[in-house]
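See below for the structure under consideration.
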Amino acid sequence: MSHTLPISAESFKVGFIGAGKMAESIARGVVASGMLPPNRISTAVHSNLNRRQVFESFGVNVFSSSEEVVRESDVVIFSVKPQVVKKAITEVRSTLSKDKVLVSVAAGIKLKDLQEWSGQDRFIRVMPNTPAAVGEAASVMSLGTAATEEDGALVTRLFGSVGKMFKADEKMFDAVTGLSGSGPAYIFLAIEALADGGVAAGLPRELALGLASQTVLGAATMVSKTGKHPGVLKDDVTSPGGTTIAGVHELEKGSFRATLMNAVVAAANRSRELSQS
């Protein structure tokens, strides 16, 4: 195996192939966290001038060709839609080298294919989710054949600027998609339903929605910050014969937990189907 050069944490540059929302979120997060100045970040905009303005507005270099982005970058992040990943990688293939860490955030595209299309094995596959846009992503990564632990640590720092990074074997990625990839939508439904319940119980809409979203945020924060099992936290707030246990009883009658479990499994199965087609 050819020895890969470590990338200098002090001076490395990041390039995005694809100038969409995910690229913008990560770039903004990296700049806001102070990890990189915007002049060490680049992307390419071919036709959509609006996207050029968005990136230039916070100091990111915008080139007119993807090749320029690759040439300028030590870490190249392919942040394009799954159906155009192959084309995006093939277009810059001749500019890629083993000195660069390559990253793909495209859902359902396997490392094996990414490595084959690029002719490079120093690839890392990352599955982020949409809360990256507000700095609270749940991202999962899997390292390609030649990607080093240092490469993984660097990519973890990059994505850590927009949330939390977890590590998993690639074969778990369909399940990851079913949970964190699709999960924000399940929680949006839950927040909407809690607010509707508040309205049904007599609260004005705006107050109900504000309380519902802050309550979900607060509960999630308690789980992640206290490290306590959610069942224990639930026991802590359900007093004998009280209001909370009455509500919990209704949720159990409605198979609340089984329904959420089924949703994750159904989305994971669908992800598996899609990545095979």
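The values are calculated or read from the model by the stated rules, or taken from the named source; none is laboratory data. Since we're looking at a predicted model, the values are computed, not measured. When we count neighbours, we look across all protein chains shown, and the Cβ atoms used for this are built from the backbone with ideal geometry, even at glycine. Accessible surface areas use protein heavy atoms only, side chains included; no ligands, DNA or RNA. Shrake-Rupley method; radii C 1.70, N 1.55, O 1.52, S 1.80 Å.
Odds and ends about this structure:
- Any hit, the stretch 11-22, residues being in a loop (DSSP other than H, G, I, E, B), modelled with pLDDT under 95, under 21 Å from Thr130 (Cβ atoms) and among the aliphatic types (A, V, I, L, M): yes
- Every test in (1) at pLDDT 95 or above; (2) charged (D, E, K, R); (3) closer than 25 Å to Ser180 by Cα; (4) surrounded by fewer than 21 Cβ atoms within 10 Å (Cβ to Cβ) is passed by Lys81 save one, and that test is (1).
- Residue match in the stretch 17-36 (condition: over 20 Å from Ser139 (Cβ atoms) and either buried (at least 23 other Cβ atoms within 10 Å of the Cβ) or not aliphatic (A, V, I, L, M) (or both)): no
- Boolean, Ala106 is part of a helix (DSSP H, G or I) and among the small types (Gly, Ala, Ser): no
- Selection from the stretch 134-144 of residues that are more than 8 Å from the chain's Cα centre (by Cα) and under 22 Å from Ala175 (Cα atoms): Glu136, Met141, Ser142, Leu143, Gly144
- Any chance Asn39 is in contact with a strand residue (DSSP E or B) (Cβ under 8 Å, 6 or more places away or on another chain), part of a helix (DSSP H, G or I) and surrounded by fewer than 17 Cβ atoms within 10 Å (Cβ to Cβ): yes
- Wholly enclosed helices (runs of 4 or more DSSP H) of the stretch 123-206 bearing at least 3 residues open to solvent by less than 60 Å² (accessible area, probe 1.4 Å) and farther than 13 Å from Ala107 by Cα: 149-160, 183-200
- Residue count, the stretch 61-78 (criterion: open to solvent by less than 20 Å² (accessible area, probe 1.4 Å) and either in a loop (DSSP other than H, G, I, E, B) or on the phi > 0 side of the Ramachandran plot (or both)): 1
- Residue in the stretch 42-51 that is in contact with a strand residue (DSSP E or B) (Cβ under 6 Å, 6 or more places away or on another chain), at pLDDT 95 or above, within 17 Å of Glu91 (Cβ to Cβ) and part of a helix (DSSP H, G or I) present: no
- Test: residue in the stretch 105-125 that is touching a Phe, Trp or Tyr at 6+ places or on another chain (Cβ under 8 Å), under 14 Å from Gly18 (Cβ atoms) and of a type in the set (S, T, N, Q): no
- The number of residues in the stretch 84-108 being more than 23 Å from the chain's Cα centre (by Cα) and either polar (S, T, N, Q) or open to solvent by 40 Å² or more (accessible area, probe 1.4 Å) (or both) comes to 8.
- Of the residues examined, Phe58 is one that is over 23 Å from Ser97 (Cβ atoms), of a type in the set (Phe, Trp, Tyr) and in a loop (DSSP other than H, G, I, E, B).
- Just so you know, in the stretch 90-101 the residues that are out of contact with any Leu (no Cβ under 6 Å at 6 or more places or on another chain) and touching a residue at least 40 places away in the same chain (Cβ under 8 Å) include one that is farthest from Ile124 (Cα to Cα), and it is Val92.
- Filter pass, Asp99 being acidic (Asp, Glu) and not in a helix (DSSP H, G or I): yes
- Candidates Ser65, Ser73 - the one that is over 17 Å from Leu158 (Cα atoms) and among the small types (Gly, Ala, Ser): Ser65
- Residue within the stretch 261-276 that is open to solvent by 90 Å² or more (accessible area, probe 1.4 Å), acidic (Asp, Glu) and at pLDDT 95 or above present: no
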